[in-house]
Each structure stands twice: as C-alpha cells, then as structure tokens.
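Throughout, read-outs are computed from the coordinates displayed, never taken from laboratory work. Note that the structure is a prediction, hence the values are computed from the model and not measured. We place every Cβ from the backbone using ideal geometry, glycine too, and count neighbours over all the protein chains shown.
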Amino acid sequence: MTDINIEDFEIKEFNTIIIGSGAAGLNCAIHLVDEGIDHSKIAIITEKLGGGTSFNSGSDKQTYYKVSLIGDQLDSPVEMANDLCARGAMHGDIALIEATNSIREFFHLVQLGVPFPHDQFGGFVGYKTDNDPKQRATSIGPFTSQKMGKCLLKEVQKKDIVIFDNHYALNILVDNTKKRSEAIGVICIKTDELASEKNLENIINSIKIFKARNIIMATGGPAALYKHSVYPESQRGSLGLAIKAGCKLQNLTESQFGLASIKFRWNVSGSYQQVIPRYVSIDKNGNEIEFLEKYFPSFHQLSKAIFLKGYQWPFNAERIENFGSSLIDLAVYYETEILDNKVYLDFTQNPVNYEETMLDPITIEYLSNSNALASTPLDRLKLLNPKAIQLYIENGIDISKEYLQIAVCNQHLNGGISGDIWWETNIKHLFAIGETNGSHGIYRPGGSALNSGQVGGLRAAQKIGNVYMKMESLNRDEFLQLIAPELSLIIKNINSVLFKKSLMNIDQMAPPQFWETIQDRMSKFGGIIRPVKDLFEEGKNVIKQIYNLNTLLILQNNNEIIEYLRIRDALLTQQYILESILNFHESNGKSRGSYLIIRDKLNESFNERYVIPPGDLIQFKFIMSDNILKGEIQTIQSQAGIIKFEWEKVRDIPNEFGWFENIWKDFTNGSIFQ
Ligand SMILES: Cc1cc2nc3c(=O)[nH]c(=O)nc-3n(C[C@H](O)[C@H](O)[C@H](O)COP(=O)(O)OP(=O)(O)OC[C@H]3O[C@@H](n4cnc5c(N)ncnc54)[C@H](O)[C@@H]3O)c2cc1C
C-alpha cells in the first residue's frame, strides 16, 4: 500500500462548513452571512450542485406550511405548534420554534423572489393540507422547492460563498478527547477526479480535508434505501455520516410512503386521483385485472376512496378500516410485492361499474364545481388540471395513450438526527438541518418539511453567529494529529476493498446486487408492512454485511469507490432503522403513521386488537392498541460500541413568553443564544 504523509495534504479552513446544497443548506449559508460571519469563512460542500430532493422533486401542488396570515383567520404560533405536535412524538419547544419562525422564513423566501401568491390586498392566501385544521398551506405549483432552491442559490452566489461541487463527504471528524465531543472537520472525495481504473494514488490525491469550527449537516433524507422510491435519483442520503460521528438519532421508525409513478418519479396525488382513474394489475403472463373491486363492496365506496386518495396521499394506518383510502395502497402493495405483478393507472377508460350517478356526493360536487365532469378520467383531467397530463408528456409518458406504472413508494423520513433548540446535535459544533434532522413526529402536516428546513438553517446560523463565531479551535498540528488515524483507516479500507481477490467460496456482489439486498430487506421489514418475525435474524445479517463489506463488495474501478462509501452509509442507516423497528415491536408499539405492525400474538395488557383487511389482504392483519407511545420519542445512539435506546418524554410547548424589557436585555447581551 502507498505510504501516506499527512503533512502532504492541503487543509482548507473555514468557520462553518455546510454539507449539502438543498434548500436547507443554501438558506443556512445566507443566514450565516446575515448573522455576521464573513462570507469567505463559510463553505458549502456538495455531492452535486442542483442534485438532491429540493431541486428535483415536486408534487401536484408542492406545499409550504406557515402560520396563517390572511384576512380575519385566527391563528398563532402556539396554535400551529399544537397542530405540528398534536399527533405525537414531537417536542413542543421545537414545534413552537418551527411555528414562530415560519413567518420570518416565509418572508425571507418571498424577499428572495419565490412567487407565493397573494391577493390585491397583499394577503398570502392559504389552503388546508393534510393534518392541518387551518389554511396554513401555500404553494407556487408543482415545483415549490425547486424555485426555493434556485432563489436561495442565486443569493448564495451573490454573497460570494464558495461552493465545493463534486465533493462527497465521507467522514465528519470529531475530537473525542473533550468532555463533550466536538466536530472539527470533514474528509471528502472529489468525485470528478477519480480515475476510471484501479489506482490507489489517484484516490489519495482526490481526498480533500476541511478543518472547521462548525459543521452543518444538510444532507437530506436517506433516499436510496427503498426499491420503490419517489425521492429523486440524485438524492442518496448520508445518515451514516452522523451515525459514525456518534450522533444521537430519533424517530427512525417514522417514514412516509405513498403511491407514485416509478418510471418518472412523481406522487400520483391530487387531481390524478380526483378524476377517478382505473387501477389495473398485470401479471407475468400479461393477464390484466381491475383488482381494487375485490376489496370494496361497491363502486360508490371504491370511487370515494380513490377520490380521497387525492388529499390523503400518505399511506396511513388509520385509513384502512371502513374502506378508507389507504386500503388502496395496501392492495397495490399486495399486487407488486407479494404477487410480483405490475400495477398501473389507466386514464383512458373508466373503472368497471363506473356510473356518474354512483359517485360520492363530495366527488360530484368537486368535479362539477371545477367544470370537470366528463366521460373518461383523461377527459376529466384535461378539464381539471391539463398541466398534470403535460408534466408526464415532458417526461416521456403520454397518459392519453399508455398506462402509468405505479407502486407504494418511500417519500420522506420524519425522524433523523436529534437536535436541540438550535438544531445542534449531541456533538458540539455539529448541527443537523433539513430532512436529515428528525424534528417531526408520527404525522406531519404537508409542507412542514420545507418550513422546518428553513427554520433549522436560521437557528443554526443564529447560534453560530452569536456564540461560535470565532475560528480558534485546534491548531494545524493538533488537528493533523487527531485526524491521522482516521485518514489511515479510510485509505486502508479503500485499499482492501479495491485490491482484493475474488473468492470462490463467498457470495461476493457488485454494487447493483448489493443495493438490491439492502432494498429488498427494507421492503420486507421497514416499508408499510412491519412484521416482527425474522427481524432479529435479519438485523444480524446487516451487521455481518457491515463487518465484511470489504470482502463482499466487488469494485471494478476507482469511480465505484463512491458506491462503496454509499453502501457503507446505507448499511449503517439500515442497521439503525431496523434496530429501531425491533425496539418498537419490543415496546409493544402499535400500527401508526405510515406502517402496519404485524405480530403473531396480542398483548392484552395494552388492549391490542387485530384489524383484518378484506380478501387476500387478510395476510396483513395488523395490530392497533391503546399503546400509542405518542408522549415519547424513541432515541438511538451508540455508546462505547453498544446501541442504546431511550424513550424520551416529549417536552411541552412553552407557555411563558417573558416580559419585554427582560427579553430585550437578554437578547442584547446574547444570553438567549447560550
Ligand atoms: C416527491 C416529493 C414531494 C415532496 N413534497 C413536499 C411538500 O409538498 N412539502 C414539503 O414540505 N416537503 C415535501 N417533500 C420533502 C422535501 O422536499 C424535502 O424534505 C426537502 O426538500 C429536503 O431538503 P434538504 O435541503 O434537507 O435536502 P436535499 O434537498 O435533499 O439536499 C441534500 C443535499 O445534500 C447533498 N449530500 C447528501 N449527502 C452528501 C454527502 N455525503 N456529501 C456531500 N453532499 C451530500 C445532496 O447532494 C444535496 O445537495 C417532498 C419530497 C419528495 C421526495
């Protein structure tokens, strides 16, 4: 192996490094400058500028959530905080901060040019989104987050903040000699410098080291874990970075799933459902059936569920009974995952037994108010929302001629890294903002993810600007001494995975096969169906793969090193998610949020009962109970190499807001930031 001399590495130094260039990371960079950090002391490191979820995903009406601001509508930060955490497992103080600062961050975006609609009086109109009793939601159309990203990027460039593009962060450097561990830097690989053959020296040359007083993780959600996903392909996720650094994580059981098209990844929510399309399943022999009618007693009830799916997009354990809209997702899951069929939406014909007079009154009213009553789903869609058809045409799918393939897809992780009220993690000087921060609870109102990402960036910048603004930390020698072992280990690992021999007696895999095993495992144990059976054993398989990764993975060239690092990250993340799910089972957790809990025995002390879905879906009979665990948050952290769980009591929404003169003094002397 090539000898390395740490003195040969260039070390770039900044006050704050932000990893990730999505809406959360970019916004934070702007606020850091506003908080007084010189632009030359801030850097953004990113795998791909323009990649990630914010820049590449959207939906029928992509939503931003904030306190209601129009007309005589009564609202307040406390009311919004109540709604953010009403359904459980979210801290009240964090909810209050997200609600209070939603106004400031919303207007920040307006100032930067995001064209949120307002009326002739300047009132920002709103609508109701899921889990929202008011009309706090707003949108600029299907690409709200993309426009946010573009406006924020323009401002970052205007402020002359340096962006290190094509930099994959593989290690957050931590000084564990302190009483409370501190983040001190980041190790990256410059991906566009990797050679197309195997060459260790080239890898060593592509390693870039950054020293920083503060590090902000804005790396988005763990998007590559599931086979069926509506995250953009450019988003992979890096929760493993935080796990390796020693972060505490929370609510890893709480992911969101829903129906989406898979050739072009897009949620089939809103108008795609409101026009009552036909759901068909095609088996390997080409036989086609309309499978939904097996589970609903009448066309009336089926069409009502399809219509409601438009609003009730995420799969929801509470919407299965009484022919609720999530029964559709369950039936689609059965077709694709159990029967291995392909499922499609057909807009060219009505569902079997379709009769306009049999539609539910809400559907009729909605379609007739929208002047969209017509003879086929396609004709109704042309009248209701022609852009919805155009969007698919622009992405190579003509739904007036062909079926649209769909599946139950992973969309969001409500949990993630634990942060305090400044979004700082248990590691000092390490912050986590955006989707990588796990501030949300079991349910979240649509649009609250984008708000939370903006608020988190503001809060981290405020703490840094007021408390952590000085550069002084370790000197160069101290830094080099601390990071040398880490760097050697990285190079040793890369060398061993790259230059090993193929072994006949071990199942070695190329990256695509490895991803398949990771994703199959998530579908089986971490999707909408969560059986306890075999989960413990599967967890052991994950650990084996983590330990033996260097032997198991076959790489052809240097470019694939990034796949190795991503797989390592995904395995660690998977280990934490599956361990969290197992711990949830062991804590007698019930079905909630976007998943069904499946266990063979009922525990009567928690009033557990089975819910039995109709027909073949009986195999998904799942547990409901009184044990909602909504007053607690499950946290997971590795301590001395052992994974520890704690169920933290949810903190209440603060209800004392201080006396003006006193707060003014504390604000002026900076003590509110401590
Ligand atoms: C289909 C879809 C629809 C959605 N609709 C809504 C909605 O209506 N309302 C709402 O509030 N939310 C919605 N969301 C969620 C919301 O869009 C995301 O939570 C949000 O955009 C995440 O922003 P972010 O800045 O945290 O991460 P991202 O925008 O994903 O950015 C992450 C960044 O980190 C970079 N990165 C990751 N790992 C590394 C690494 N190791 N090294 C360097 N760089 C790295 C990536 O390249 C990227 O630049 C939706 C999500 C999806 C998928």
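Measuring nothing but how far apart in sequence close Cα pairs (under 8 Å, 6+ apart) lie, relative to its length, the chain scores a relative contact order of 20 percent. Once Rh for segment 178-321 is found with the Kirkwood sum over Cα pairs, what is the Stokes-Einstein diffusion coefficient at 25 °C and 0.890 mPa s, in µm²/s? After rounding, the answer is 122 µm²/s.
What ranking of Lys227, Lys154 emerges when the number of other C-beta atoms within 10 Å of each C-beta is taken as an exposure proxy, fewest first?
Lys154, Lys227
Principal axis extents of the Cα atoms in segment 315-397, from largest to smallest and rounded to whole angstrom, are 38, 35, 23. Positive end of the dipole of the chain (Cβ unit charges, origin at the Cα centre): among Thr336, Ala305, Gly92, the Cα lying farthest that way belongs to Gly92.
Ellipsoid fit via the Cα gyration tensor, segment 498-547: semi-axes of 26, 13, 8 Å, each the root of five times an eigenvalue, largest first.
DSSP bridge analysis restricted to segment 497-645 gives an antiparallel fraction near 65%, rounded to the nearest 5. Note on the chain: dipole from Cβ charges, positive end direction compared against Leu535, His440, Asn627; the farthest Cα belongs to Leu535. If I fit a long axis through the Cα atoms of helix 476-498 and take the longest principal axis of the Cα atoms of the chain, what angle between them do I get, 0 to 90°, rounded to 10? Taking the Cα atoms of the chain, the angle to 476-498 is about 50 degrees. The spread of Cα positions in segment 259-411, taken along each principal axis and listed from longest to shortest, comes to 40, 38, 30 Å. Over all pairs of different C-alpha atoms in segment 224-303, the reciprocal of the mean inverse distance, the Kirkwood hydrodynamic radius, equals 16.5 Å. The fewest-to-most ranking of Lys601, Lys244 by surrounding Cβ atoms within 10 Å reads Lys601, Lys244.
This model, with +1 at the C-beta of Lys and Arg and -1 at the C-beta of Asp and Glu, gives the chain a dipole about its Cα centre of some 440 debye. Residues with beta-carbon under 11 Å from that of Gly658, excluding Gly658: net charge, scoring Lys, Arg +1 and Asp, Glu -1? Within the 11 Å Cβ shell, the charges total -2.
Its Cα centre serving as origin, segment 259-411 has a Cβ charge dipole (Lys and Arg +1, Asp and Glu -1) of approximately 360 debye.
Per-residue Karplus couplings for segment 60-69, computed as 6.51 cos²θ - 1.76 cosθ + 1.60 with θ equal to phi - 60°, are listed in order as 2, 9, 6, 9, 10, 10, 7, 4, 5, 10 Hz, Gly and Pro entered as x. Net charge in the neighbourhood of Asn205 (other residues with Cβ under 13 Å of its Cβ; Lys, Arg +1, Asp, Glu -1) is -3. Computed from phi, the 3J(HN,Hα) profile of segment 125-139 under the Karplus parametrisation 6.51, -1.76, 1.60 (θ = phi - 60°) reads 5, x, 9, 7, 10, 5, 6, 10, x, 9, 10, 8, 7, 9, 6 Hz, with x in place of Gly and Pro. Taking the convex hull of the alpha carbon positions in segment 104-144 and averaging its projected area over all directions gives 3.5 nm².
Rounded to whole numbers, the Karplus 3J(HN,Hα) couplings from phi for segment 447-463 are x, 6, 5, 5, 5, 4, x, 6, 5, x, x, 5, 5, 4, 5, 5, 5 Hz, using 6.51 cos²θ - 1.76 cosθ + 1.60 with θ = phi - 60°, and x at Gly and Pro. For the pair Ile663 and His118, the difference between a 0.36 nm per residue extended length and the Cα-Cα distance amounts to 192.9 nm. Site pair Asp38 and Ile546 shows an inter-label distance of 4.2 nm when each label is modelled 7 Å from Cα along Cα→Cβ.
Quick one: net charge of Arg476's neighbours, Cβ under 10 Å, K/R +1, D/E -1?
Counting the neighbours of Arg476, the net charge comes to -3.
Taking other Cβ within 10 Å of each residue's Cβ, how do Tyr366, Tyr168 sort, fewest first?
In increasing order of surrounding Cβ atoms, one gets Tyr366, Tyr168.
By the equivalent-ellipsoid construction on the alpha carbon gyration tensor, the chain comes out with semi-axes of 40, 31, 25 Å, ordered largest to smallest. Here segment 1-78 was treated as a single set of alpha-carbon atoms; its pair distances binned every 10 Å from 0 give 14, 26, 27, 21, 7, 4, 2, 0 percent. Each pair of Cα atoms in segment 355-415 enters the Kirkwood radius, and Stokes-Einstein at 4 °C and 1.567 mPa s then converts it into a translational diffusion coefficient of 94 µm²/s.
Packing-based ranking of 426-439, 199-212, 638-651 yields 426-439, 199-212, 638-651, ordered from highest to lowest mean Cβ neighbour count within 10 Å. Which values of log₁₀ I(q)/I(0), to two decimal places, follow from the Debye formula for segment 379-478 at q = 0.11 Å⁻¹ with a uniform point scatterer at every Cα? The Debye formula, applied to the Cα set alone, gives -0.59. According to the square roots a ≥ b ≥ c of the eigenvalues of the Cα gyration tensor, what is the shape class of segment 458-508, taking rounded for a/c under 1.5, prolate for a/b larger than b/c otherwise, and oblate for the remainder? Oblate. Compute log10 of I(q)/I(0) for segment 586-674 with the Debye formula, placing one identical point scatterer on every Cα and leaving out solvent, at q = 0.19 Å⁻¹, to two decimals. So the normalised log intensities are -0.96.
Over every Cα atom in segment 497-645, the radius of gyration and the widest Cα-Cα span, Dmax, amount to 18.4, 57 Å. Taken over segment 84-203, the alpha-carbon convex hull comes to 234 cubic angstrom per residue.
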